[in-house]
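Student: There's a structure below that I have some questions on.
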């Protein structure tokens, strides 16, 4: 089973290379997707080190970068994709734990880490999870495996209007009846202290509101 | 003091002219211009004959005619605004899809170019 590891990055060059080097020890097919980083010079470094990459001319969001990775994987005939954050939070071992379940035919495999996050954050996520009726517990995890058939669905229609690779994706995938599984993995703290998705409190609040609206509108 | 009819007519005419110029210069697409032209024409007509509003208000049982005018204006603007939001959402989805396709195609073209560039080298080393 041919697997492509997709690493979406946005302005995280200094931490990226060790992450990629670590990945390369276990996976031979890696694709970096640059989500419109301000400084494009790192792409030539990637080229020198023999890493494949896609590049957006402007920032379009984490999930959009991943979808571009899906499109590339589908065109190139890969059987599955593992998404892996470029900020050093995920460990290659986590991706390795996901792989066997993809071989077993699961469509969406989420690597979760329950040790992550502060208590209020955890409570918020739990509440959102309950409201959405989601089977997967850790929907914020960016370490995921997607099968080819899942990718085909996940690049079109309603999935294009999503901004984050999170609850929305899992919620709609669950509705489409994909075989989903959660695998416990260990994650480290980010090398860069700040989360890319939630740099400030306002971004967390805006995220909560958007997600609540999403659930409110889609829940049957 | 000039009659208020002139004031309203002038305001209506200016609005109509602005819309007309925008369409002419290509700043406003024809398909959006249509509704704006309709709005412009209505404003001109109401400016010329403000009595129409009073008549409609009387017919619909509204005692204070300006209230009717404002209600219609707010309604029209709301619908226009909603339409704009729908249009922007649609556009964003389209932009996203195009951006992703372009990024992938760029990569594929680059790969092809590289394999083409390598071919002569391969034959050289074979000799």
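The values are calculated or read from the model by the stated rules, or taken from the named source; none is laboratory data. Given the structure is predicted, the values throughout are model-derived calculations rather than measurements. Don't worry about glycine lacking a Cβ; one is built from the backbone with ideal geometry, like all the others, and counts go over all protein chains shown.
Student: From the list B:99, B:68, B:59, B:82, which one is in contact with a helix residue (DSSP H, G or I) (Cβ under 8 Å, 6 or more places away or on another chain) and away from chain A (no Cβ under 14 Å)?
Tutor: B:68
Student: Further, regarding this structure: Within the stretch A:61-85, count every residue that is buried (at least 23 other Cβ atoms within 10 Å of the Cβ), more than 11 Å from residue A:2 (Cα to Cα) and more than 11 Å from the chain's Cα centre (by Cα).
Tutor: Selection size over the stretch A:61-85: 3.
Student: Return yes when residue B:63 is assigned to a helix (DSSP H, G or I) and either in the same structural domain as residue B:12 (by TED's automatic domain parsing) or exposed (fewer than 12 other Cβ atoms within 10 Å of the Cβ) (or both) and no when it is not.
Tutor: Here the answer is no, as residue B:63 does not meet what is asked.
Student: Please enumerate the residues belonging to the stretch A:142-186 that are touching a residue at least 40 places away in the same chain (Cβ under 8 Å), out of contact with any helix residue (DSSP H, G or I) (no Cβ under 8 Å at 6 or more places or on another chain) and assigned to a loop (DSSP other than H, G, I, E, B).
Tutor: Correct list: A:179 only.
Student: So residue A:80 ticks every box in (1) within 24 Å of residue A:147 (Cβ to Cβ); (2) out of contact with any strand residue (DSSP E or B) (no Cβ under 9 Å at 6 or more places or on another chain) but one. Which box is left unticked?
Tutor: Failing condition for residue A:80: (2).
Student: Still on this structure, please answer the following. Hey, any hits in the stretch B:106-114 for a residue that's at negative phi, at the interface with chain A (Cβ under 9 Å from one of its Cβ atoms) and in contact with a strand residue (DSSP E or B) (Cβ under 8 Å, 6 or more places away or on another chain)?
Tutor: yes
Student: Residues to consider are A:42, A:27; find the one that is modelled with pLDDT of 90 or more and farther than 19 Å from residue A:141 by Cα.
Tutor: Details: A:42 fails: modelled with pLDDT of 90 or more.
A:27 is the lone residue from the list that is modelled with pLDDT of 90 or more and farther than 19 Å from residue A:141 by Cα.
Student: Could we say that residue A:42 is surrounded by 13 or more Cβ atoms within 10 Å (Cβ to Cβ), in contact with a strand residue (DSSP E or B) (Cβ under 9 Å, 6 or more places away or on another chain) and more than 21 Å from residue B:99 (Cβ to Cβ) here?
Tutor: So residue A:42 does not fit the description; no.
Student: Restricting to strands (runs of 3 or more DSSP E) lying wholly in the stretch A:11-120: which have 2 or more residues that are within 14 Å of chain B (Cβ to nearest Cβ)?
Tutor: A:30-34, A:52-55
Student: With A:137, A:165 as the choices, which residue is in contact with a strand residue (DSSP E or B) (Cβ under 8 Å, 6 or more places away or on another chain), modelled with pLDDT under 90 and under 22 Å from residue B:97 (Cα atoms)?
Tutor: Numbers: A:137 fails: under 22 Å from residue B:97 (Cα atoms).
Only one candidate qualifies: A:165.
Residues are listed down the side, and each one gets a yes or a no for (1) touching a strand residue (DSSP E or B) at 6+ places or on another chain (Cβ under 7 Å); (2) modelled with pLDDT of 90 or more; (3) surrounded by 20 or more Cβ atoms within 10 Å (Cβ to Cβ); (4) over 21 Å from residue A:124 (Cα atoms):
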position: A:161; (1), (2), (3), (4): no, no, no, yes
position: A:181; (1), (2), (3), (4): yes, yes, no, yes
position: A:199; (1), (2), (3), (4): no, no, no, no
position: A:216; (1), (2), (3), (4): no, no, no, no
position: A:220; (1), (2), (3), (4): no, no, no, yes
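Student: Okay, next question. Which condition breaks for residue B:26 when tested against (1) part of a helix (DSSP H, G or I); (2) within 19 Å of the chain's Cα centre (by Cα)?
Tutor: (1)
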